[in-house]
Amino acid sequence: MSLYAMDRARLGELYEALGALGRVYLPTRKNGASAFLPYGEEGSEADLSLLLCDKSPKDLFFPQSEELVKFRLTGAEIALQEAARQKEPFVLFGVKACDLQAIEVLDRVFLAEPVDSFYQSRREHATVVALACARPAESCFCTAFGIDPTSPQGPCDAVAWLTESALYLRPCTEKGETIVSCFAGFAPADEKEVAAQQAAARAVLGRLPYGQLDLSRFGEASDELALFDHPAWEELSAHCLGCGSCTFSCPTCQCYDIRDYDTGKGVLRFRCWDSCMYKDFTMMAHGTPRKTQKERFRQRFLHKLVYYPKNNGGLFSCVGCGRCVKKCPANLHMIRVAKALGGEPRAQ
């Protein structure tokens with residue numbers, strides 16, 4: 001599709017115009033952190049130049065906590081009130097290539113049969129605009145997973161590039177075309193400045209320390225049993241705190257728990273994010289199937305590097321965003337684990 005451009009100085013006008021399409025969520029700084037927040041929220045500063053928000057846009061589709069149903073008991077009668085699905089459209093603007101692929105990972109989980117209707121409704125009401133990376137960070141390793149951060153591909157309605165002077169936008173769907181039509185500041189543009197930014201960013205990508213991470217031992221064709229029995233798990237997991245920082249910062253983790261809360265006027269059933277790193281994860285009457293931190297630690301990484309790709313045509317459940325590199329207090333992130341497993345097994 002055609003490429004359009006607008007003056008970068010008019011971004012505020014664009015955000016205001018996008019409000020006609022629904023609430024607008026942007027990369028935003030607030031209280032010393034960054035996340036995708038509604039445009040104009042008090043005490044916040046929208047900043048499209050942020051490389052990567054501390055929190056991914058995952059919870060706009062899969063909230064950290066959400067109501068499912070309410071139960072009210074009157075005598076012998078039980079009345080059910082199911083939580084409403086997303087009804088209002090919204091615009092998610094500025095999703096980087098890694099987080100865009102993370103949405104693809106979530107789609108394959110929540111939109112597979114049986115479809116999660118809460119997630120489905122949010123996806124259907126969203127207009128998603130991806131934003132290319134101009135200055136990748138040292139913690140980034142998305143290219144190891146086949147992602148091109150300079151030209152995002154995936155479930156989006158438009159792709160944008162932000163340069164020193166302009167915002168370029170290429171619509172991918174009818175929703176993307178609507179973005180162009182709702183703001184008069186867009187005009188047809190050529191590829192020259194976008195191509196220059198891509199070339200400069202790719203030169204940086206080629207020098208990143210983790211970008212050439214060897215994943216040849218993982219994926220669809222991996223030797224699952226050899227990786228499962230690898231002696232490195234013992235040493236790696238011994239330092240894991242089981243804090244869950246990795247799972248809660250990860251844009252692809254989709255584990256959740258369902259809980260009931262007595263409100264005094266009935267029972268509220270809700271779901272909330274959970275972590276496979278917690279010792280009570282998947283707790284049942286007889287206990288938990290993974291009793292040690294080693295088993296829990298191994299499950300997390302094998303799911304992302306082996307189990308998920310084997311069931312999803314080779315698509316990894318890690319997107320190389322680098323959040324775990326920054327968040328893990330014990331330095332037990334994906335890169336360290338992949339390197340430990342990628343070499344020859346050490347003698348026991």
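Each value in this text was obtained by applying a stated rule to the coordinates, not by laboratory testing. Here the structure is a predicted model, which is why all the values come from computation and not from measurement. Note: ideal-geometry Cβ built from the backbone for every residue, glycine included; neighbour counts use all protein chains shown.
A compact table of results
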{"read-out": "DSSP-loop trypsin sites (Lys or Arg not before Pro) across region 13-106, with at most 10 other Cβ within 10 angstrom", "value": "LYS87"}
{"read-out": "Residue-averaged 222 nm ellipticity for the chain, from DSSP H runs of 4+ at -39500 (n - 2.57), nearest 500", "value": "-7500 deg cm²/dmol"}
{"read-out": "Taking N as its residue count, the alpha carbon Rg of region 1-98 over 2.2 N^0.38 Å", "value": "1.46"}
{"read-out": "For region 159-174 versus region 1-51, the gap between their alpha-carbon centres in whole angstrom", "value": "13 Å"}
{"read-out": "Diffusion constant of region 224-342 at 4 °C, which comes from Stokes-Einstein with the Kirkwood Cα-pair radius and 1.567 mPa s, µm²/s", "value": "83 µm²/s"}
{"read-out": "Range in the chain, longest, excluding exposed GluC sites (Glu not before Pro) [loop by DSSP; at most 14 other beta-carbon atoms within 10 Å]", "value": "221-348"}
{"read-out": "Ranked CYS243, CYS324, criterion: other C-beta atoms within 10 Å, fewest first", "value": "CYS243, CYS324"}
{"read-out": "Most mobile listed residue (GLY314, GLY75, GLY22) in the chain, GNM with C-alpha springs under 10 Å", "value": "GLY75"}
{"read-out": "Rg(Cα) / (2.2 N^0.38 Å) computed for the chain, rounded to two decimals", "value": "1.07"}
{"read-out": "Whole-angstrom Cα spans of region 62-214 along principal axes, big to small", "value": "70, 45, 24"}
{"read-out": "Percent of Cα pairs exceeding the 17 Å cut-off, where the set is region 150-272", "value": "79 percent"}
